[in-house]
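Trainee: This is the structure, below, for whatever I ask next.
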Amino acid sequence: MKKSIYSLLRGTFLVSEDSFKNWKVIFFLSALALVMIASSHSLDKKVYEIAKLNNQVKELRSELYDGRTRLMQLKMESSVVKKMKEKGLAPSVIPPKKIIVKPES
């Protein structure tokens, strides 16, 4: 037991005659570690991008609701009358008349 731990620490398993299979395993594990690190970084980038896009969606949705609110206020008759009074126009006191067009027969 003591001898195997000592040989592991010295690295004799890497320079012995059958060390080629040991090197293959080490290279394979190193490649797997690199792939795992790269995929982890890629995932982190995507998570940050999704969070940023979600914030943008919230901001745009808020702007949409603000715009709708302003539009509804501008379309109200009282605000239209107020704007027209500023320009010197007043609402008509005479009710509108219905125009009926008779088809030519």
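No value in this document is a laboratory result; all are computed from the given coordinates. Small disclaimer: the values here were computed from a predicted structure and weren't measured. Glycine also receives a Cβ, built like all others from the backbone with ideal geometry; neighbour counts cover every protein chain displayed.
Trainee: Say we look at the stretch 81-96 and pick out the residues that are in a helix (DSSP H, G or I) and either surrounded by 10 or more Cβ atoms within 10 Å (Cβ to Cβ) or at positive phi (or both); which of these is nearest to the chain's Cα centre (by Cα)? Outline the logic, then answer.
Mentor: Just the residues of the stretch 81-96 that are in a helix (DSSP H, G or I), to begin with: 81-86.
Those left that are additionally either surrounded by 10 or more Cβ atoms within 10 Å (Cβ to Cβ) or at positive phi (or both): 81-85.
Numbers: VAL81: 43, LYS82: 42, LYS83: 40, MET84: 43, LYS85: 46 Å.
The selected residue is LYS83.
Trainee: Residue check, ASN22 against (1) touching a helix residue (DSSP H, G or I) at 6+ places or on another chain (Cβ under 6 Å); (2) loosely packed, with under 10 Cβ neighbours inside 10 Å, all met but one. Which one?
Mentor: ASN22 satisfies all of (1) touching a helix residue (DSSP H, G or I) at 6+ places or on another chain (Cβ under 6 Å); (2) loosely packed, with under 10 Cβ neighbours inside 10 Å except (2).
Trainee: Using the structure shown, decide if SER78 is without any contact (Cβ under 8 Å) to a residue 60 or more places away in the chain and in a helix (DSSP H, G or I). First the steps, then the outcome.
Mentor: Values: without any contact (Cβ under 8 Å) to a residue 60 or more places away in the chain: yes; in a helix (DSSP H, G or I): yes.
Here the answer is yes, as SER78 does meet what is asked.
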